[in-house]
1. Skip the ligands, DNA and RNA, and give the accessible area per residue of region 226-350 with a 1.4 Å probe, whole Å².
2. Based on the alpha carbons, how large is the Rg to Rh ratio for region 199-262 when Rh follows Kirkwood?
3. Do you know the Lys pair count in region 299-453 for C-alpha distances under 22 Å, with sequence separation 8 or more or different chains?
4. Show the residues, 5+ positions off or on another chain, whose built amide H is closer than 5 Å to the amide H of residue 197.
5. Note down the accessible area of residue 266, probe 1.4 Å, to the nearest 10 Å².
6. In whole Å, what are the Cα extents of region 382-435 along the three principal axes, biggest one first?
7. What lysines could a cross-link reach from residue 108, if we take a straight Cα to Cα line under 18 Å and drop same-chain neighbours fewer than 8 places away?
8. Working from the alpha-carbon coordinates of region 275-319, get Rg over Rh, Rh being the Kirkwood radius.
Amino acid sequence: PPLQVPSSYTQPGVGVASPHPLVLKGQISSCSSFAHAGGLRGATIVDALDSLYIMELKEEFQEAKNWVENSFDLNVNGEASLFEVNIRYVGGLLAAYYLTGEEVFKSKALELGEKLLPAFNTPTGIPRGVINLGSGMSWSWGWASAGSSILAELGTLHLEFMHLSELSGNPIYTEKVMNIRKVLNRIEKPQGLYPNFLSPATGNWVQHHVSIGGLGDSFYEYLLKSWLMSDQKDTEAKKMYDDALEAIEKHLVKKSAGGLTYIAEWRGGILDHKMGHLACFSGGMIALGAEHAGEEKKQHQLDLAAEITHTCHESYARSDTKLGPEAFRFDSGTEAVATRISERYYILRPEVVESYLYLWRLTHDPKYRQWGWEMVKALEKYCRVEAGYSGIRDVYTTNPSHDNMQQSFFLAETLKYLYLLFCEDDVLSLEDWVFNTEAHPLPINHTNFPVKTDMQ
């Protein structure tokens, strides 16, 4: 592919998290990190470590490793998202360690993991969403309903924390995430569904909003992947996943008049017929789970996964840029298009190509590579700017304005999934690795695999 890891990545602004690619190289060194990194720098570097390694960009990887070794300072103060720091930084460092065996990545991951523990000091052990990495003070997001914690945030710690216990020999990380699971198991689920907001004080749901997109998404993914990562021994996680998927199918999966399968959002029993770009990961998740479903369910789940992925591809195909909007709707005669100005943007998100990768690996239907290639061409045409790639504000115009942000997940996820889509299946084989929700590969049975990186 013509896509390149942007060279601006190694310029003086390298310590920033989400560089501004429209700003010329060398002018970005004073930029701050992404909004809730808590003062941590270098999210782009840490998030990209494993991508650089897998793509055999040896010089850039060495430069990134040197930065982690010499310049990555964890003694910071500021408002950090427990979720983002875990998936981007801890996940990125763990993956880099498992791929290379370099101790520096392990020690930084453990040092950072320890700084996250005070977030769990709540009456229920359900962590608060925001933590000051310096003082250990934690609090809930101001915008979250009544001081609640968010399902996708409290439910997207399991993979990384199991590895932190494994590597440190300290069971505390495992205990923290197993306690979260205990609370979730105990609590009554409306129609078997998991609402997005939970009180860390009482352990009760705060309101009945259910979404497979933002606020809910990776909770479901981590149930399935916790089971896979345990070499299929964590049967409790698998049962929770199966039951949740059954409830989602029963209450949220719908078919539009035009025949498109989508997953609606649920607000206290009333459906909102929209699907966010973030929810498009679900095609890949359901396909991955289908591989391990009983014979009678396997084909049904694989078909469902393919239908959802097709719908997400339609959201790209129906836009002028062939990139998908932040959210698309199925109402008042429109299908798979954004109807609100505020939902027409594309910020280099990976969820759609993530599903292409899983469907490709599990079916080898060539259309998934074709769809991936369409995305490569669209990214090159509309998002490439002088010093990298930028999000665009409106996917429905062929002369879009750039938002001047290259999100760190573009290098961690979007480019990694595109690259792997065109690799052989044994490059980061699904038999040996699970990807965290930021596309950082973690080994399934805790052994180090010699990594095959070359494209055939």
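1. So region 226-350 comes to 40 Å² accessible per residue, rounded to a whole number.
2. Value, to two decimals: 1.06.
3. Final tally of qualifying lysine pairs is 10.
4. 151, 206, 207, 209
5. 20
6. Principal extents (Cα only, largest first): 42, 19, 18 Å.
7. Those lysines meeting the cut-off are 65.
8. So for region 275-319, dividing Rg by the Kirkwood Rh gives 1.06.
The values are calculated or read from the model by the stated rules, or taken from the named source; none is laboratory data. In this text, all values refer to a predicted model and were calculated from it rather than measured experimentally. Cβ sites come from the backbone with ideal geometry, for glycine too, and all protein chains shown count toward neighbours. For the accessible areas, the whole protein counts, side chains as well, though only heavy atoms, and no ligand, DNA or RNA atoms are used. Shrake-Rupley method; radii C 1.70, N 1.55, O 1.52, S 1.80 Å.
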